[in-house]
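First up is the structure itself, then whatever we jot down about it.
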Amino acid sequence: MCFVLYAGTAKSIPGKESRNDAQELSIKGLTEREKPIAAQFSNPEVQYIGSTSGCGCDFPHVMFQNGDWPWFEDEDEDELDRQTKATEQHNREALVALLRQTGESTVELYGVWDGNFDFRTPPAAREEIRLQAILDPSFRFKEQVLYVASLA
């Protein structure tokens, strides 16, 4: 099971396959199983955006649990934490750069925990953010929240 992130845009983002030897994002069309998620977006083009891990797990995220998104920051940072933070920051920057390249004024983003998720399930919440907010180290994609990100 993995966190997966989808982007809704007016025009399709050029596809890019995941490569193990490259620290790049991947962009793919929806599989048959994922296609129902497109109904949650107002934009006509919905695509899967993979982080550098191939899935979306390297995008900073928190899971939806008991109606909330709990997140605890550990004060005792070790090497693994520093490595995770660096990976998350790289993925934040790559995502923001990719979405800016679309030239669109707003982009929709929706992340879910794949595995037993029903792709017809509506978002638990909707939030409007500035795309720039994703670069903030405290930002986490909340599972089952549809973000409308303004590029302005």
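Any chance you could run the full-extension gain for Ala39 through Gln89? It's 0.36 nm times the residue separation minus the Cα-Cα distance, nm to one decimal. Walk me through the numbers before you get to the answer.
Details: separation 50, 0.36 × 50 = 18.00 nm, distance 3.00 nm.
Gain on stretching Ala39 to Gln89: 15.0 nm.
Label-to-label distance for Ala152 and Asp136 is 1.9 nm, based on points extended 7 Å past Cα in the beta-carbon direction.
Distance between the 7 Å Cα→Cβ label points at Glu32 and Ala97: 3.7 nm.
Rounded to the nearest 0.05, the FRET efficiency derived from the C-beta distance between Glu24 and Met63 at R0 = 25 Å is 0.45. Straight-line reach from Lys85: taking Cα to Cα under 28 Å and skipping same-chain neighbours fewer than 8 places apart, the lysines in range are Lys16, Lys28, Lys142.
Computed from the coordinates by the stated procedures, all read-outs in this text should not be read as laboratory data. Because the structure is a prediction, the values reported are computed rather than measured. Virtual Cβ from ideal backbone geometry, glycine too; neighbours counted across all protein chains shown.
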